[in-house]
Amino acid sequence: MSKLSAPITLEEFKKRRKPPRNINKEIASKMSNLDKFALWITDKVGTIGFFLAILLWTVLWLGWNLLAPKELQFDPPMGFVFWLFISNLIQILLMPLIMVGQNIQGRHADARAENDLEVNVKAEQEIEVIVQHLEYQNNILIAMTAKLGITLDEALKK
């Protein structure tokens, strides 16, 4: 029969264990300034405030150039340009709305990831308690075999 070795202690286990990673900090530290600028733009453009500013500017521009006296219009519309503008207006207005939705979904994903991290940390703490309990039981069994005056090989024989 092969000889069984004693399990590692909790202290040895803690020394071997790698600390949990904060992936958000790791990614942020690796981002270039251009990446940070792109994220800043995305955060600012992906807001309802930006959407309302674009909408207000579009309504003012279109209203002024359609309703103001001809001599005060700075960009009078021509037929095809006006219809081209209307078709592009839908795209212009949808872009920030889509980004708003993506930002909301991103915040939701971040919250879920944070919750997952909390659950994992809690599970790790619970597992550590179980390991401590098993180590304690192992020490009791070793003490019992020593008190009985038998070796591990004798205790494991059938």
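The values are calculated or read from the model by the stated rules, or taken from the named source; none is laboratory data. Everything numeric here is computed off the predicted structure, so don't read it as measured data. Counting neighbours? That spans all protein chains shown, and the Cβs are built from the backbone with ideal geometry, glycine included.
Remark: pairs (first residue in the stretch 129-150, of a type in the set (A, V, I, L, M); second residue outside any helix (DSSP H, G or I); Cβ separation under 8 Å; 6+ apart in sequence or on different chains) = L134/P7; I142/A6. Would you mind stating whether K18 is at pLDDT 80 or above, of a type outside the set (A, V, I, L, M, F, W, C) and farther than 30 Å from I86 by Cα? No: the conditions fail for K18. Of everything in the stretch 131-148 that's β-branched (V, I, T) and surrounded by 11 or more Cβ atoms within 10 Å (Cβ to Cβ), which residue is modelled with the highest pLDDT? The qualifying residue modelled with the highest pLDDT is T145. Has the stretch 53-74 got any residue that is part of a loop (DSSP other than H, G, I, E, B) and at pLDDT below 80? Yes, that holds for at least one residue.
Go through the residues of the stretch 104-121 one by one and say whether even a single one is in contact with a helix residue (DSSP H, G or I) (Cβ under 7 Å, 6 or more places away or on another chain) and either farther than 24 Å from T47 by Cβ or at pLDDT below 80 (or both). Checking the stretch 104-121: not a single residue is in contact with a helix residue (DSSP H, G or I) (Cβ under 7 Å, 6 or more places away or on another chain) and either farther than 24 Å from T47 by Cβ or at pLDDT below 80 (or both). For the stretch 149-158, a residue qualifies if it is at negative phi and loosely packed, with under 10 Cβ neighbours inside 10 Å, and the qualifying residues are K157, K158.
Across the stretch 114-128, the qualifying residues are those that are touching a residue at least 24 places away in the same chain (Cβ under 8 Å) and over 18 Å from E11 (Cβ atoms), and the one among them that is nearest to the chain's Cα centre (by Cα) is L117. None of N103, N115, N120, N138 is touching an Asp or Glu at 6+ places or on another chain (Cβ under 9 Å) and among the polar types (S, T, N, Q) except N103. The set of residues in the stretch 57-71 that are surrounded by 10 or more Cβ atoms within 10 Å (Cβ to Cβ) and out of contact with any helix residue (DSSP H, G or I) (no Cβ under 7 Å at 6 or more places or on another chain) comprises W57, V59, L60, W61, L62, G63, W64, N65, L66, A68.
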